[in-house]
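See below for the structure under consideration.
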Amino acid sequence: MTADYSYSNGFTEEEKEEISQELDLMLSLIQGSVPMSRDLGLDPEILDNGMADGGNLIIAELMDKIELMDCRLIVKEVKLSCDHKGIINTSIVLERRI
């Protein structure tokens, strides 16, 4: 899974870089694979469904995990697309939590 992030105003460049790195790490991990942080990462069962059967589940999983991982963030929008190799591409719009 690959991701592009868009930020509403109110984030510094340093915060954007830090958040992007955190989210990239989270997207690269499978839930249950990190000792002492078993909730970190994405649920493999949801990812196995793919876009056709599990697109909405993937979006819900991303929104929940991102907002739990970083209390500064609200996920405003998640868009999914799939390339010819079957790789899921995500576009995530983030806003600062007030």
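The values are calculated or read from the model by the stated rules, or taken from the named source; none is laboratory data. What you see is a predicted model, and the numbers here were worked out from it, not measured in a lab. All Cβ positions, glycine included, derive from the backbone under ideal geometry; neighbour counts span all protein chains shown. Just the protein is used for accessible areas: all its heavy atoms, side chains included, with ligands, DNA and RNA removed. Shrake-Rupley method; radii C 1.70, N 1.55, O 1.52, S 1.80 Å.
Structure summary
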item: Any chance ARG72 is basic (Lys, Arg) and closer than 13 Å to LEU94 by Cα; result: yes
item: Matching residues in segment 24-47 - criterion: being open to solvent by 40 Å² or more (accessible area, probe 1.4 Å), touching a residue at least 24 places away in the same chain (Cβ under 8 Å) and under 16 Å from GLU67 (Cβ atoms); result: ASP39, LEU40
item: Qualifying residues in segment 74-98 (those that are under 22 Å from ASN9 (Cβ atoms) and hydrophobic (A, V, I, L, M, F, W, C)) - the one surrounded by the fewest Cβ atoms within 10 Å (Cβ to Cβ); result: ILE98
item: Residue in segment 55-73 that is at pLDDT below 85 and either open to solvent by 40 Å² or more (accessible area, probe 1.4 Å) or under 14 Å from the mean Cα position of the chain (by Cα) (or both) present; result: yes
item: Qualifying positions in segment 11-23 - open to solvent by less than 70 Å² (accessible area, probe 1.4 Å) and farther than 12 Å from MET1 by Cα; result: PHE11, THR12, GLU15, LYS16, ILE19, SER20, GLU22
item: Condition check for SER6: in contact (Cβ under 8 Å) with a residue 24 or more places away in the chain, in contact with a Lys or Arg (Cβ under 6 Å, 6 or more places away or on another chain) and not in a helix (DSSP H, G or I); result: no
